[in-house]
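J.: Starting off with a structure, shown below.
The values are calculated or read from the model by the stated rules, or taken from the named source; none is laboratory data. It should be emphasised that the depicted structure is a prediction, and the values quoted were computed from it without experimental measurement. Neighbour counts run over all protein chains shown; Cβ positions are idealised from the backbone, glycine included.
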Amino acid sequence: MKFSGPLCLTGAFSLAGSSVISARLLSGHLGAFTITAVSLTLAIIALLPFCASKLKQTVKHMRWSETIMLFLQALLGIFLFRLFLLQGISRTSASEAGLLTGATPAITASFAWIFLKERVCTHGFAGMICTVGGVLLIQGLTASSFSTNHLLGNLLVLGAAASESAFNVLSRVSAVKAEKHKPLDPLVRTTLVSMIALLFCVVPMLFEQPYEKLGAIGVAEWLALVWYGVFVTALAFIFWFAGIKRCPASTAAAFAGLMPFTSLLLSVLLLGERTSWAQWAGGALVILGMMLIGTKKATKRLLSHTGSE
């Protein structure tokens, strides 16, 4: 279907935007590794009934290159992303964290420029400038008050965006290479990535007193964990892997704007957070930068490097 890819990306980024709300509800009640481990366990439980039969055969015939790619995707797209996000959101607001995730396309373009030696055209460079300006406005560096802890929180969220950027590049490279072989089923890939990420969390989780803290949380926190696991992890990643197979990276970058917008709207509507005009302006600059970087002209060279054109 012509619109199946964009529809999948819409679902992926809309659900991903709600991760900031779940993280805010759980922050302070559970450790970052505990939140990640429990949500991943719930995601795997939800996924296994639909792909158990395919999972064994897939693992049996999987190439080493695919295994390494899955480990890198689990490390960057889930483990480090959530670690940075959960640590950052305890120091900043959910609305700011959501807007700062909109810096992902700019960081992706920067990675391509620094590590892949790709040239950045005028649109891409202008997009990066807009993103930097937007991040500064969101942080509130123009205000008279300045909080070092607040800055650290926003920097950690930007670290989450950087992890997501690296994950996005790896996902597209993996999808392009898979075209030469039989691609992994999105359900199976999501399950395997979730299992690997869970392995990363098990040992550090034990140092966070998980059993006592899990027994002390209420219904709202458990619902947030279920949402984080089943919807933000399982369903969102299924949509993502299905969408990135059908769309170039430029299209994915354009749809990434749904994540900060969803985060901001839910933060205001559900958490009652207030945002200043500077933060709204900063968010607009981040989205503008994302749109500039997401143009086909700006990403053409990156796409040609990965072989998608």
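J.: Take segment 16-32 and flag every residue that is of a type outside the set (Gly, Ala, Ser), part of a helix (DSSP H, G or I) and surrounded by 24 or more Cβ atoms within 10 Å (Cβ to Cβ).
T.: Within segment 16-32, 20, 21, 24, 26 qualify.
J.: Can you tell which of 138, 35 is part of a helix (DSSP H, G or I), crowded, with 19+ Cβ neighbours inside 10 Å, at pLDDT below 80 and β-branched (Val, Ile, Thr)?
T.: 138
J.: Would you check if there is a residue in segment 247-261 being at pLDDT 80 or above and among the polar types (S, T, N, Q)?
T.: no
J.: Only one of these is under 21 Å from residue 35 (Cβ atoms) and modelled with pLDDT of 75 or more: 288, 223. Name it.
T.: After applying the criteria, what remains is 223.
J.: Is segment 102-109 home to any residue that is surrounded by 21 or more Cβ atoms within 10 Å (Cβ to Cβ) and within 21 Å of residue 235 (Cβ to Cβ)?
T.: yes
J.: Next question, about the same structure. Being exposed (fewer than 15 other Cβ atoms within 10 Å of the Cβ), at pLDDT 85 or above and in a helix (DSSP H, G or I): is that true of residue 199 here?
T.: Taking the combined requirement at face value, the residue satisfies it.
J.: Here's another thing I want to ask about it. Kindly indicate which of 86, 156 is under 18 Å from residue 23 (Cα atoms), at pLDDT 85 or above and in contact with a strand residue (DSSP E or B) (Cβ under 7 Å, 6 or more places away or on another chain).
T.: Going through 86, 156 in turn, just one is under 18 Å from residue 23 (Cα atoms), at pLDDT 85 or above and in contact with a strand residue (DSSP E or B) (Cβ under 7 Å, 6 or more places away or on another chain): 86.
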